[in-house]
Amino acid sequence: MKVIGINGSARKDGNTALLIGKVFDELKKEGIECEMLQLAGKTVRGCKACYGCYNNKDRRCVIKDDPVQECIDKMAQADGIILGSPVYVADVSSEMKALIDRACLVNRANGSFLRRKVGAGVMAVRRGGAVHAFDTMNHFFSISEMVIVSSSYWNFALGREVGDVLKDEEGLQTMKVLGENMAWLLKKIHN
Ligand SMILES: Cc1cc2nc3c(=O)[nH]c(=O)nc-3n(C[C@H](O)[C@H](O)[C@H](O)COP(=O)(O)O)c2cc1C
């Protein structure tokens, strides 16, 4: 079994990456393969609303010069998907939103190939807006017919500078429980 984590932060290896890594730690303990893709430093374009994905029906976005197609391909191959984002102005990053919009349309145009995969959103946040960002990522999972896995609190940890989230004990506990629950659910589904 495999879980793909996509980090929508503009900071490579920042707080969001650290949190995805904490969820991965629990998944790996259960023998689940994990891979992280980071969007930092890459240009990610928004949906053109051309509906090419509906016309072509090849599980591909017509935009070929950015990392979104690789993300879609890896999501299609994975059993579980973690979307990670820093909170920017009380929502996900622009890059994460562009990925969500395009992956959502490609999935719907192609028979909902993400159906029944397990999904979770994870947020790094200085102070406010995490639940709104959480909602944004959950909207993607739910319209994609995915199974959303939960934790003991909403999936965020607090921090501004890189590494700050490692001081948020409750946030780290939330990531641990999320990883445990995701592993449990994946094993139930794939038994
Ligand atoms: C453009 C921008 C907008 C931000 N907006 C918020 C916000 O609305 N609420 C908040 O608590 N923190 C906000 N932050 C702080 C980040 O969420 C926080 O630093 C987070 O830990 C960054 O995660 P990263 O290291 O993965 O990039 C913002 C940061 C940036 C750069």
Q: Would you check if there is a residue in the range 123-140 being over 18 Å from the mean Cα position of the chain (by Cα), away from the ligand (no atom under 16 Å from the Cβ) and among the aromatic types (Phe, Trp, Tyr)?
A: no
Q. Failed condition for ILE32, given (1) more than 16 Å from the chain's Cα centre (by Cα); (2) β-branched (Val, Ile, Thr); (3) under 20 Å from ILE148 (Cα atoms); (4) within 16 Å of the ligand (Cβ to nearest atom), with all others met?
A. (4)
Q. How many of the residues in the range 162-178 are without any contact (Cβ under 8 Å) to a residue 12 or more places away in the chain, assigned to a helix (DSSP H, G or I) and among the acidic types (Asp, Glu)?
A. 1
**Q.** Which numbered condition GLY119 misses (of (1) more than 13 Å from the ligand (Cβ to nearest atom); (2) under 24 Å from LYS42 (Cα atoms); (3) assigned to a loop (DSSP other than H, G, I, E, B))
**A.** (3)
Q. Which fully enclosed helices (runs of 4 or more DSSP H) of the range 1-78 have 1 or more residues being closer than 30 Å to GLU180 by Cα and in contact (Cβ under 8 Å) with a residue 12 or more places away in the chain?
A. 15-29, 68-77
Q) Picking from ASP25, ASP73, ASP79, which residue would you name as being in contact with a His (Cβ under 7 Å, 6 or more places away or on another chain), farther than 27 Å from GLY128 by Cβ and at pLDDT 95 or above? A) ASP79
(Q) For the range 79-116, give me each residue that is within 16 Å of the ligand (Cβ to nearest atom), of a type outside the set (D, E, K, R), part of a helix (DSSP H, G or I) and surrounded by fewer than 23 Cβ atoms within 10 Å (Cβ to Cβ). (A) SER94, ALA98
(Q) Step by step: first the residues of the range 155-170, then only those that are closer than 19 Å to GLY8 by Cα and touching a strand residue (DSSP E or B) at 6+ places or on another chain (Cβ under 8 Å), then the one that is nearest to the ligand (Cβ to nearest atom). Which residue is that? (A) GLY159
(Q) Being within 17 Å of VAL118 (Cα to Cα) and not acidic (Asp, Glu) is true for just one of GLY179, GLY163, GLY159. Which residue is that? (A) GLY179
Q) In the range 141-191, which residue that is more than 19 Å from the chain's Cα centre (by Cα) and under 29 Å from GLY111 (Cβ atoms) is surrounded by the fewest Cβ atoms within 10 Å (Cβ to Cβ)? A) ASN191
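The values are calculated or read from the model by the stated rules, or taken from the named source; none is laboratory data. The structure presented is a predicted model; accordingly, all values stated were derived computationally and were not measured. So basically every Cβ, Gly included, is an ideal-geometry build from the backbone, and we count neighbours across all protein chains shown.
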